[in-house]
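Asks: Below you will find the structure I want to go over with you.
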Number of protein chains: 2
Amino acid sequence: MSDVVTAAMIVIGDEILSGRTKDKNIGHLADMLTAVGIDLKEVRIVPDEEDEIVAAVNALRSRYTYVFTTGGIGPTHDDITADSIAKAFGVPCDYDPAAYKLLQETYSARGLEFSEARMRMARMPVGATHIDNPVSTAPGFTIGNVHVMAGVPSIFQAMLDNVLPTLKTGTKMLSAAVSCPLGEGTIGGPLGDIQKAHPDTIIGSYPKYAEGKFWTELVVRARDPQVLETARAEVQAMVERLSTPVAR
Amino acid sequence: MSDVVTAAMIVIGDEILSGRTKDKNIGHLADMLTAVGIDLKEVRIVPDEEDEIVAAVNALRSRYTYVFTTGGIGPTHDDITADSIAKAFGVPCDYDPAAYKLLQETYSARGLEFSEARMRMARMPVGATHIDNPVSTAPGFTIGNVHVMAGVPSIFQAMLDNVLPTLKTGTKMLSAAVSCPLGEGTIGGPLGDIQKAHPDTIIGSYPKYAEGKFWTELVVRARDPQVLETARAEVQAMVERLSTPVAR
């Protein structure tokens with residue numbers, strides 16, 4: 001029997017919604033979760049507004065095994081993620097002694113003032129545990145099933161590398177791709193028939209358009225390798241049959 | 001007085017959530033809406049599942065001036081957007097006579113069979129109006145305040161170009177960036193003070209990390225050009241003051 005572990009992601013940041021910054025974290029998280037056998041089921045991008053963050057966290061943490069957030073954990077006034085997560089969980093947000101000490105030592109060693117702004121990065125919901133940040137010290141944190149990480153891609157990726165080994169993972173969703181030189185209109189009927197005959201697979205059809213011509217990437221997904229291969233072979237045979245000059 | 005027009009986006013597709021396809025439409029829509037004075041307030045990426053699409057459409061269409069969707073309007077079995085939107089609006093999904101005729105003529109002219117799969121692309125919620133598709137004919141559609149477009153970026157962009165001139169737009173959110181050679185920890189305090197002194201602006205601080213060093217992009221946003229310039233000048237002066245060797 002296969003074991004399904006699900007996840008959602010919340011990207012926090014006005015700069016993504018205004019277009020000024022182009023998100024690079026969604027695709028990375030999707031790739032990493034797929035690789036370890038966790039199904040990413042939903043992503044929300046929300047602004048730097050407490051009510052919106054609280055609503056998204058509470059809507060998603062009860063529905064999915066894990067929630068991952070990116071953005072808003074820095075030292076400036078627009079970094080309101082820690083307070084918002086605390087509010088979502090109904091706990092205070094306060095200076096974490098271990099994070100405070102870690103940051104104090106780091107800035108002291110660098111000869112920089114441990115300013116009030118920098119102290120903000122030690123704040124987290126009471127009861128949260130750290131996610132180590134090997135890039136720039138200030139930790140992310142985990143509370144309940146919610147993992148709160150930085151928005152800067154290199155830091156997010158390093159934090160995620162620290163979180164992933166701690167998670168429960170499911171039976172991996174396997175996939176096999178069949179490249180199809182025909183447009184979706186030609187293969188749509190027979191492909192639908194193959195999907196119906198193989199209900200334990202998810203067959204996706206992704207139209208590509210380049211140089212005035214359509215082609216299609218067909219992707220079969222399943223958790224069982226034999227189920228996957230049987231359906232993939234039928235898709236491959238269908239593409240070959242329809243690609244012969246006579247059938248076209 | 002400024003006039004605020006808001007929007008949300010729904011990206012429909014398992015392939016984005018699995019990481020197989022990297023979304024290119026969110027950033028484009030964000031840029032285009034910002035350019036015409038519509039505030040993108042939320043984005044959701046949902047799987048190819050009717051219940052999820054219906055829930056997202058109904059949650060967002062009542063909250064925002066406009067909703068834009070991408071993906072799931074092709075001819076294959078996994079293209080369930082038209083049916084899902086119809087269900088969200090409580091209307092039937094049926095073959096649209098004008099879309100049917102348009103597609104029939106196009107395939108006839110190309111010497112291709114007007115297959116049942118291709119006919120699917122003429123289906124839309126009853127009462128919807130077309131969004132022209134200059135790239136590959138099959139139209140998107142608008143029903144109520146929801147604009148339903150293709151997921152293939154070149155087609156999405158062409159459809160959006162047709163939709164944007166039909167929309168009500170608000171007073172544009174203007175922005176000005178100040179590049180700051182200092183990390184957020186150094187400027188966080190004084191920047192927060194400037195934000196407090198200028199409540200009609202939104203001041204964002206975006207940490208960048210490259211070659212082992214932090215720098216920061218500071219962005220001031222406001223709808224009034226004079227309000228924007230006053231706050232921008234203060235941010236610029238703050239950065240210059242803190243960047244002098246003495247202050248560092």
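The values are calculated or read from the model by the stated rules, or taken from the named source; none is laboratory data. The shown structure was predicted, so the numbers you read here are calculated from the model rather than taken from an experiment. We place every Cβ from the backbone using ideal geometry, glycine too, and count neighbours over all the protein chains shown.
Asks: Give me the strands (runs of 3 or more DSSP E) completely within segment B:144-216, filtered to those with at least 2 residues that are outside the structural domain of B:ASN25 (by TED's automatic domain parsing) and among the β-branched types (Val, Ile, Thr), ordered by residue number. Can you show your working first?
Replies: Values: elements: B:146-149, B:174-180, B:202-210.
In segment B:144-216, B:202-210 are the strands (runs of 3 or more DSSP E) which contain 2 or more residues that are outside the structural domain of B:ASN25 (by TED's automatic domain parsing) and among the β-branched types (Val, Ile, Thr).
Asks: Provide a single number: the residues in segment B:27-38 that are within 7 Å of chain A (Cβ to nearest Cβ) and either in contact with a Pro (Cβ under 8 Å, 6 or more places away or on another chain) or hydrophobic (A, V, I, L, M, F, W, C) (or both).
Replies: Quick first cut of segment B:27-38, residues within 7 Å of chain A (Cβ to nearest Cβ) only: B:27, B:30-31, B:34.
Going one step further and asking which of them are either in contact with a Pro (Cβ under 8 Å, 6 or more places away or on another chain) or hydrophobic (A, V, I, L, M, F, W, C) (or both), we end up with B:30.
Going through segment B:27-38 one residue at a time, the tally reaches 1.
Asks: Let me ask another. Considering only residues of segment B:113-144 that are among the β-branched types (Val, Ile, Thr) and within 14 Å of chain A (Cβ to nearest Cβ), which is farthest from B:ALA86 (Cα to Cα)? Working first, answer last.
Replies: Restricting attention to segment B:113-144, the residues satisfying the condition of being among the β-branched types (Val, Ile, Thr) are B:126, B:129, B:131, B:135, B:137, B:142-143.
Still in the list and also within 14 Å of chain A (Cβ to nearest Cβ): B:135, B:137.
Values: B:VAL135: 25, B:THR137: 21 Å.
Here the answer is B:VAL135.
Asks: Another question about this same structure. Identify the residue in segment B:1-56 that is surrounded by fewer than 20 Cβ atoms within 10 Å (Cβ to Cβ) and hydrophobic (A, V, I, L, M, F, W, C) and, among all such residues, is modelled with the lowest pLDDT.
Replies: Per the stated criteria, the residue is B:MET1.
Asks: A follow-up question, please. I need a count of the residues in segment B:196-233 that are of a type in the set (Val, Ile, Thr) and away from chain A (no Cβ under 12 Å). Full working, then the answer.
Replies: So the first thing to find is which residues in segment B:196-233 are of a type in the set (Val, Ile, Thr), and the list is B:201-203, B:216, B:219-220, B:227, B:230.
Among the residues that remain, those that are also away from chain A (no Cβ under 12 Å) are: B:227, B:230.
Here the count works out to 2.
Asks: Just one of the numbered conditions (1) closer than 19 Å to A:GLY151 by Cα; (2) part of a helix (DSSP H, G or I); (3) within 9 Å of chain B (Cβ to nearest Cβ) is not true of A:TYR107; which one?
Replies: Evaluating A:TYR107 over (1) closer than 19 Å to A:GLY151 by Cα; (2) part of a helix (DSSP H, G or I); (3) within 9 Å of chain B (Cβ to nearest Cβ) leaves (1) as the failure.
Asks: Would you pick out the residues in segment A:107-136 that are β-branched (Val, Ile, Thr) and buried (at least 17 other Cβ atoms within 10 Å of the Cβ)? Walk me through it before giving the result.
Replies: From segment A:107-136, those β-branched (Val, Ile, Thr) are A:126, A:129, A:131, A:135; that's our starting set.
Of everything in segment A:107-136, those that are β-branched (Val, Ile, Thr) and buried (at least 17 other Cβ atoms within 10 Å of the Cβ) turn out to be A:ILE131, A:VAL135.
Asks: Do we find that B:ILE202 is under 30 Å from A:ASP79 (Cβ atoms) and at pLDDT 95 or above in this structure? Explain how you work it out, then say what you get.
Replies: Values: under 30 Å from A:ASP79 (Cβ atoms): yes; at pLDDT 95 or above: no.
Here the answer is no, as B:ILE202 does not meet what is asked.
Asks: Is segment B:68-84 home to any residue that is within 11 Å of chain A (Cβ to nearest Cβ) and part of a helix (DSSP H, G or I)? Steps first, please.
Replies: Let us first name the residues in segment B:68-84 that are within 11 Å of chain A (Cβ to nearest Cβ), namely B:71-79.
Now narrow it down to the ones that are part of a helix (DSSP H, G or I): none.
No, because not a single residue in segment B:68-84 is within 11 Å of chain A (Cβ to nearest Cβ) and part of a helix (DSSP H, G or I).
Asks: Further question: Within segment A:157-175, is even one residue small (Gly, Ala, Ser) and facing chain B (nearest Cβ under 8 Å)? If you could, list the steps in order and put the result at the bottom.
Replies: First pass over segment A:157-175, keeping only residues small (Gly, Ala, Ser): A:158, A:170, A:175.
Those still in the list that are facing chain B (nearest Cβ under 8 Å) too: A:175.
The answer is yes; a qualifying residue exists.
Asks: Can you tell me which residue is farthest from the other protein chains (Cβ to nearest Cβ) among those in segment B:176-186 that are buried (at least 19 other Cβ atoms within 10 Å of the Cβ) and within 16 Å of A:VAL152 (Cβ to Cβ)? Steps first, answer last, please.
Replies: As a first pass, look at segment B:176-186 and keep what is buried (at least 19 other Cβ atoms within 10 Å of the Cβ): B:178, B:180, B:183-186.
From what's left, within 16 Å of A:VAL152 (Cβ to Cβ): B:180, B:183-185.
Details: B:CYS180: 11, B:GLY183: 8, B:GLU184: 5, B:GLY185: 4 Å.
Filtering first and then ranking leaves B:CYS180.
Asks: Let me ask another. Look at B:THR129 and say whether it is on the phi > 0 side of the Ramachandran plot, without any contact (Cβ under 8 Å) to a residue 60 or more places away in the chain and not aliphatic (A, V, I, L, M). Let's see the steps before the verdict.
Replies: Working: on the phi > 0 side of the Ramachandran plot: no; without any contact (Cβ under 8 Å) to a residue 60 or more places away in the chain: yes; not aliphatic (A, V, I, L, M): yes.
No: the conditions fail for B:THR129.
Asks: Can you tell me which residue in segment B:39-64 is farthest from the chain's Cα centre (by Cα), limited to those that are in a loop (DSSP other than H, G, I, E, B) and either over 20 Å from B:ASP3 (Cα atoms) or within 11 Å of chain A (Cβ to nearest Cβ) (or both)?
Replies: Restricting attention to segment B:39-64, the residues satisfying the condition of being in a loop (DSSP other than H, G, I, E, B) are B:47-49, B:62-64.
This time we only want the ones that are either over 20 Å from B:ASP3 (Cα atoms) or within 11 Å of chain A (Cβ to nearest Cβ) (or both), so: B:47-49, B:63.
On the way: B:PRO47: 18, B:ASP48: 19, B:GLU49: 21, B:ARG63: 15 Å.
Of everything passing the filter in segment B:39-64, B:GLU49 is farthest from the chain's Cα centre (by Cα).
Asks: Next up: Against the definition (of a type in the set (Ser, Thr, Tyr) and within 11 Å of the chain's Cα centre (by Cα)), how does A:THR21 come out, yes or no?
Replies: Working: of a type in the set (Ser, Thr, Tyr): yes; within 11 Å of the chain's Cα centre (by Cα): no.
It is false that A:THR21 is of a type in the set (Ser, Thr, Tyr) and within 11 Å of the chain's Cα centre (by Cα).
Asks: On the given criteria, is B:VAL235 free of Cβ contacts under 8 Å to residues at least 24 places away in the same chain, on the phi < 0 side of the Ramachandran plot and surrounded by 21 or more Cβ atoms within 10 Å (Cβ to Cβ)?
Replies: Numbers: free of Cβ contacts under 8 Å to residues at least 24 places away in the same chain: no; on the phi < 0 side of the Ramachandran plot: yes; surrounded by 21 or more Cβ atoms within 10 Å (Cβ to Cβ): yes.
When the stated conditions are applied, B:VAL235 does not pass them.
Asks: Considering only segment B:145-153, I want to know if a residue exists there that is free of Cβ contacts under 8 Å to residues at least 24 places away in the same chain and within 11 Å of chain A (Cβ to nearest Cβ). Write out each step before concluding.
Replies: First, pick out the residues of segment B:145-153 that are free of Cβ contacts under 8 Å to residues at least 24 places away in the same chain: B:152.
Applying the additional criterion that residues be within 11 Å of chain A (Cβ to nearest Cβ) yields B:152.
Yes, segment B:145-153 contains a residue that is free of Cβ contacts under 8 Å to residues at least 24 places away in the same chain and within 11 Å of chain A (Cβ to nearest Cβ).
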